[in-house]
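*Asks:* This is the structure, below, for whatever I ask next.
Just so you know, all these numbers are worked out from the coordinates, no wet-lab data involved. The shown structure was predicted, so the numbers you read here are calculated from the model rather than taken from an experiment. Neighbour counts run over all protein chains shown; Cβ positions are idealised from the backbone, glycine included.
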Amino acid sequence: MSQDDLQADCSRCVGLCCVALSFDRSDRFGHDKIAGEPCYHLRSDFGCKIHARREELGYEGCIAFDCLGAGQRATALFAERDWRGDRSVALQLYARFSLLTKLQEMRQALLTAADLGLPAELEAERVALLARIVDIADGDAAAGTEAEIGARADTALTQSKAFLRRLADVVSL
Ligand code: SF4
């Protein structure tokens with residue numbers, strides 16, 4: 001398990017960050033976009049029409065965003081499903097992408113905590129929580145209904161956040 005597992009691969013994604021997420025016109029985004037609707041700069045091949053000019057045109061938020069590999073994971077999971085033709089499936093895909101983004105962010109945080117030189121008990125807890133997060137993102141725990149997976153992920157994310165809060169106390173001592 002390494003930082004390589006956190007690399008986004010846009011070539012294996014169907015432009016999910018440019019569809020699933022919302023943003024508001026601001027100094028980071030050039031227009032308003034609601035969640036679940038494609039950005040009007042998104043090409044039909046899932047590339048960005050203004051990719052090279054995003055900073056110039058006021059889309060620094062797009063440059064800064066990193067799904068940490070959630071995009072290619074969600075795309076692969078829904079490859080055999082008709083998300084293009086069935087809006088309800090598309091909404092499940094977008095929800096899974098959002099969930100995977102949270103899982104990958106937590107995976108990154110728990111991986112980074114390996115560098116803290118934690119006491120053995122906390123280190124064992126970190127490793128166990130990381131294994132659960134990875135299992136939901138990549139492994140056997142990714143099976144089941146969307147509701148089941150969501151509930152499993154919520155529990156693991158809540159426990160991981162509580163663990164990181166406790167670590168913050170330990171590290172600041
Ligand atoms: S501007 Fe480009 S990168 Fe940003 S959301 Fe739209 S299509 Fe995606």
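*Asks:* Choose one of 157, 75, 34: the residue whose Cα lies farthest towards the positive end of the charge dipole of the chain (beta-carbon charges +1 Lys, Arg; -1 Asp, Glu; about the Cα centre).
*Replies:* Sorting the options by dipole projection puts first 34.
*Asks:* Each label point is 7 Å from the Cα along the Cα-to-Cβ direction; what then is the distance between the points at residue 27 and residue 44, in nm?
*Replies:* Output for this residue pair reads 3.9 nm.
*Asks:* To continue, here is another question. Gain in length, residue 77 to residue 151, computed as 0.36 nm per residue apart minus the alpha-carbon separation, to one decimal in nm?
*Replies:* Difference between extended and current length: 24.9 nm.
*Asks:* About its Cα centre, what dipole magnitude does region 69-173 give when the only charges are +1 on Lys and Arg Cβ and -1 on Asp and Glu Cβ, stated in debye to the nearest 20?
*Replies:* It comes to approximately 300 debye.
*Asks:* Stretched out fully, how many nm does the piece from residue 140 to residue 114 gain, at 0.36 nm a residue minus the Cα gap?
*Replies:* Stretched fully, the residue 140-residue 114 segment lengthens by 7.0 nm.
*Asks:* Related question: Considering the dipole of region 84-172 built from charges on the beta carbon (Lys and Arg +1, Asp and Glu -1) around the Cα centre, which of 141, 104, 129 is farthest to its positive end?
*Replies:* 104
*Asks:* Within region 80-112, what residues put their amide N at less than 16 Å from the label point 7 Å along the Cα-to-Cβ vector of residue 65?
*Replies:* Those under the cut-off are 91, 93-105.
*Asks:* Same structure again: With springs only between Cα atoms under 10 Å apart, run a GNM on the chain and tell me which of 88, 22, 160 wobbles the most.
*Replies:* 88
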